[in-house]
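Peer 1: Below is the structure I would like to discuss, written out as C-alpha cells.
All of the numbers you see were taken from the coordinates with simple rules; none came from a lab. From a predicted model like this one, the values you see are computed outputs, not experimental measurements. Every residue, glycine as well, gets a Cβ built from its backbone with ideal geometry; the counts of neighbours run over all protein chains shown.
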Amino acid sequence: MKEPEMAIPPLFRCPISLDLLKDPVTLSTGQTYDRSSIEKWLSCGNSTCPVTMQKLNDSSIVPNHTLRHLIHQWLQLNCRNGYDLHYFQTIDDSIVGLKHNLQSKESTLDTKVQALEKVLALSEDLPLENSFLIQLDFFQMILELALENAVDQSSYFQESLIFVEKALVCALKLLPFSDLGTLNMLKEDESKFTNFLILFKNGTFIIKKSLCHLIVAISSSLQSKELITMLGKSKILIQELVHVIEYNLDGCEESIRALSALSSLEQNREFIVKENAVKALITYILNAPNCQYRSLLAPIVAMKTIETLLVVESAKEKVLNHPNGVSAIVKMVFRVSSDNEGSESAVNSLIIVCHDFMQAREEAIYSGVLTQLLLLLQSQCSERTKNKARMLLKLLRSMCTGDQKQPL
C-alpha cells in the first residue's frame, strides 16, 4: 500500500512554484521564495515582488536560515511519525560506504579526502535532500576525525593537514543543521581539547579560519558556556589569535570574530586583556583600510571588542599606554558612521577612558575628536549614538574648566 504524501504547510511552500522550499531566500519586501524560482523571475526582467507586486529598489536576496532550519525540523518530525523505515531504506549503499571509508583504519588519507569531497557535495542539498548526513551524525564523526589527525609528527602531520582542512570545511557545512551540544566533546575529552589547540597552533590558515568559525558557534550555544570559558582561558589559543590580529595575517577577520566571541563571557575578559588583545585590536584598527567594503565589518567588530574589554581596569591602561591607542578609537568615531554600532562603540569607549584620564582627553582632542563628533551629530546615526556623542563633548569641555572628572 502506498504511503500518503506529507501535507506541506503553506509557510514551507514557494509562492511561485508551490513546491517545498529547498533553498529559501527573502527579498527586501520580507517575502520568501525558493532561490531558483525567484532568480528565474528576476532574470526575466521583472523588478517587482511576485506576491506584493511592490517595486524592488533593492533586488538582493538573503538566505532565510531560520525557515530552512524549521523545514529541516519538520522533515525530521515526519520521519519520526512513520517515515523512518522508508527513509533509511532509500539510503544508497554508496553513502553507507562513505561513512565506512571515513571511519576505517584501513583507508588511506587520499581515500578519506575523496570521501569528504563527496560528503561536501551532498551537503549542498541540505536540508531537503540528503538529511541522512545529519541523521547518521556525520558532523560529530567528521569533527572527531579532524581532531584525531592533529598529530604532531613532521611528515605525517603535513599530509594530515590536507585531510583536516577538508574535514573542517565539511563540518562547518553540516554545522547549521547539527546539534551544537556535540561541540562539548572538547570539554568532555581532554585529548580532543588538546588536539584542538594543537591544530590552532600548528595548522594552516584554512584550518585556523575554520576553528575560528567553530569558536563563534560554540559561544552562541547556552549548552557550551563551560567550554567557551575553557577556550577563553587557553594561553595558546589567545596568543595565536592575538598574533594573527596584530600582524594582520590571513584569517585576521575570523580571528577578530573569535576573540570577540570569547570576550562575550565576562570571566574571560581579564585573561584576554592580559594577553595583549587590546594592543592587537588597536594595531589592527590603525592599519585597517578606510574604504574597502570587505574589511569594513572587521574594524567594527574590533572596536566593539575593545569596548567590551574596557570593563577591565587594566584594559583602560592598555589603551592609554599605547602610543596611538586613543587616536585609533577616535578614527572609528565617524569612519563607520553608517553603522551605528561601530560609531557608538567608539564614542562609548572614549567616554570610558576619558572619564578616568585627563591624558586621554588631551590625546582625543589632539587627534581631532571634536570634528569627528560634530560630523557624527550631523549624520543619520541613531539618536542614542548622538546622545553618547553629546555626553563625550560635555566631558571634554571639562578640560577648559579644569575639572578632572565629570559624572557619567
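Peer 1: Evaluate the charge dipole of segment 10-77 about its Cα centre and quote only its size in Debye, nearest 20, assuming +1 on the Cβ of each Lys and Arg and -1 on the Cβ of each Asp and Glu.
Peer 2: In debye, rounded to 20, segment 10-77 gives about 40.
Peer 1: Please state the Cα pair-distance histogram of segment 10-77 with 5 angstrom bins from zero: what percent is in each bin?
Peer 2: 4, 19, 30, 25, 14, 6, 3, 1
Peer 1: To the nearest µm²/s, what D does Stokes-Einstein give for segment 94-239 at 37 °C and 0.692 mPa s, using the Kirkwood radius over alpha carbon pairs as Rh?
Peer 2: 212 µm²/s
Peer 1: Could you list, bin by bin from short to long, the percent of Cα-Cα pairs of segment 312-398 in 10 Å steps?
Peer 2: Taking every Cα pair in segment 312-398, the percentages come to 20, 56, 23, 1.
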